[in-house]
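Have a look at the structure below, then the notes.
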Amino acid sequence: MFENLSERLGGVFDRLTKQGALSEDDVKTALREVRVALLEADVSLPVARDFTKAVQKKATGAAVTKSVTPGQQVVKIVHDELVQVLAGDDPNPGALKIDTIPAPILMVGLQGSGKTTTTAKLAKRLTEKNGKRVLMASLDTNRPAAMEQLAILGNQIGVDTLPIVKGESAVQIAKRAKQQATLAGYDVYLLDTAGRLSIDEELMTQVEQVRDVANPRETLLVVDGLTGQDAVHTAENFDQRIGISGVVLTRMDGDGRGGAALSMRAVTGKPIKFVGLGEKVDALEEFHPSRVAGRILG
Ligand code: GDP
């Protein structure tokens with residue numbers, strides 16, 4: 001992820017750091033190029049604009065242009081601003097609220113976004129890294145294949161799934177998952193809700209009903225990072241209707257641009273908690289804004 005953006009910015013900053021002295025115009029020109037690079041990475045226009053404005057404000061003035069290493073100062077300001085845009089004021093956005101026993105986590109998103117795979121990846125992570133006892137349940141009553149898929153993944157990673165009972169509604173499954181998780185002493189239960197190809201009323205109503213029954217500690221939207229600004233719009237829609245606590249961006253292994261990651265927090269106010277970096281069940285990474293900023297700046 002971010003390879004293209006990283007390369008473009010690398011070129012801009014190489015030139016800047018090689019120059020001994022910097023005028024305010026040099027900084028302005030470089031920031032214009034930064035803005036173009038951000039837009040090419042599919043970062044939303046207001047976010048790109050605000051970003052360069054904020055850097056400009058901090059980078060002009062004697063402290064930078066008169067310093068011995070002005071180019072490096074500008075890079076440092078860009079780095080800090082990237083962290084700000086990625087994280088807001090939350091240095092550890094990946095932390096999950098697991099403070100009830102059992103703690104329900106609602107997984108929502110469009111069909112094909114990688115929701116079921118991500119549910120399994122997260123379950124594996126919570127089991128292996130956090131030592132939690134996890135139960136997964138599929139609520140996709142319209143697609144028996146999706147329910148089977150979760151059961152297969154559960155078998156593969158050694159995480160229990162709620163037995164499938166034919167004819168139950170999503171709400172009934174959510175209630176049974178809660179009961180089972182409570183009775184059998186699970187720490188966390190993950191509810192993999194149904195997805196549709198686009199946002200529609202039926203989907204949203206069903207997810208709302210499930211949310212009201214489950215009272216989730218986290219509601220994670222799984223969204224395809226390759227869709228760039230569309231991913232951000234999807235997050236806005238889900239947040240307005242359901243209220244999400246965070247985002248998992250999938251397919252970031254295939255996204256050299258990374259625009260969705262850069263716009264998400266600024267546009268929706270919601271943190272990216274994890275990124276999906278492949279089809280395998282361990283290809284899930286916690287989102288660390290400062291590490292990501294470092295990666296972007298090479
Ligand atoms: P759902 O319909 O939202 O539940 O989507 P699935 O979990 O079935 O995933 C759809 C496809 O995307 C599957 O082939 C997954 O293996 C693939 N997939 C999911 N996450 C990632 C990811 O982070 N990277 C890549 N390359 N593929 C992914």
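Observations on the model:
- Given (1) outside any loop (DSSP other than H, G, I, E, B); (2) within 16 Å of the ligand (Cβ to nearest atom); (3) among the β-branched types (Val, Ile, Thr), number of the condition Ile244 does not satisfy: (1)
- Scope region 125-139; condition in contact with a helix residue (DSSP H, G or I) (Cβ under 8 Å, 6 or more places away or on another chain) and either in a loop (DSSP other than H, G, I, E, B) or open to solvent by 40 Å² or more (accessible area, probe 1.4 Å) (or both); matching residues: Thr127, Lys132, Arg133, Leu139
- Hits in region 19-64 (condition: assigned to a loop (DSSP other than H, G, I, E, B), farther than 19 Å from Ala231 by Cβ and not aliphatic (A, V, I, L, M)): Gln19, Gly20, Ser23, Thr60, Gly61
- Meets criteria (out of contact with any Leu (no Cβ under 9 Å at 6 or more places or on another chain), open to solvent by less than 20 Å² (accessible area, probe 1.4 Å) and either within 13 Å of the ligand (Cβ to nearest atom) or assigned to a helix (DSSP H, G or I) (or both)) for Ala181: no
- Against the test of being surrounded by fewer than 15 Cβ atoms within 10 Å (Cβ to Cβ) and within 13 Å of the ligand (Cβ to nearest atom), the options Gln149, Gln156 yield a single qualifying residue, Gln156.
- Residue satisfying all of: in region 192-235; part of a strand (DSSP E or B) and over 15 Å from Arg265 (Cα atoms); most open to solvent (accessible area, probe 1.4 Å) among these: Asp224
- Subset of region 76-102 that is in a helix (DSSP H, G or I) and among the charged types (D, E, K, R) - its residue that is farthest from the ligand (Cβ to nearest atom): Lys76
- Listed by first and then second residue, the pairs linking a residue in region 140-156 that is closer than 23 Å to Gln209 by Cα to a residue that is open to solvent by 50 Å² or more (accessible area, probe 1.4 Å), with Cβ atoms under 6 Å apart and 6 or more places separating them unless they lie on different chains, are Met147/Ile164.
- Failed condition for Asn142, given (1) surrounded by 22 or more Cβ atoms within 10 Å (Cβ to Cβ); (2) within 16 Å of the ligand (Cβ to nearest atom): (1)
- For first residues located in region 103-122 and part of a loop (DSSP other than H, G, I, E, B), partners that are modelled with pLDDT of 95 or more and of a type in the set (Gly, Ala, Ser) and lie 6+ apart or on another chain with Cβ distances below 8 Å form the pairs Gly114/Gly276.
- Subset of region 247-260 [under 14 Å from the mean Cα position of the chain (by Cα) and either within 13 Å of the ligand (Cβ to nearest atom) or at pLDDT 95 or above (or both)]: Val247, Val248, Leu249, Thr250, Arg251, Met252, Asp253, Asp255, Ala260
- When Asp282 is tested against (1) touching a strand residue (DSSP E or B) at 6+ places or on another chain (Cβ under 9 Å); (2) within 14 Å of the ligand (Cβ to nearest atom); (3) open to solvent by 20 Å² or more (accessible area, probe 1.4 Å); (4) not basic (Lys, Arg), just one condition goes unmet, and that condition is (1).
The values are calculated or read from the model by the stated rules, or taken from the named source; none is laboratory data. Every value quoted in this text rests on a predicted model; they were computed, and no experiment measured them. Cβ atoms come from the backbone with ideal geometry, glycine included; neighbour counts cover every protein chain shown. The area values use the complete protein model at the heavy-atom level, side chains included, leaving out ligands, DNA and RNA. Shrake-Rupley method; radii C 1.70, N 1.55, O 1.52, S 1.80 Å.
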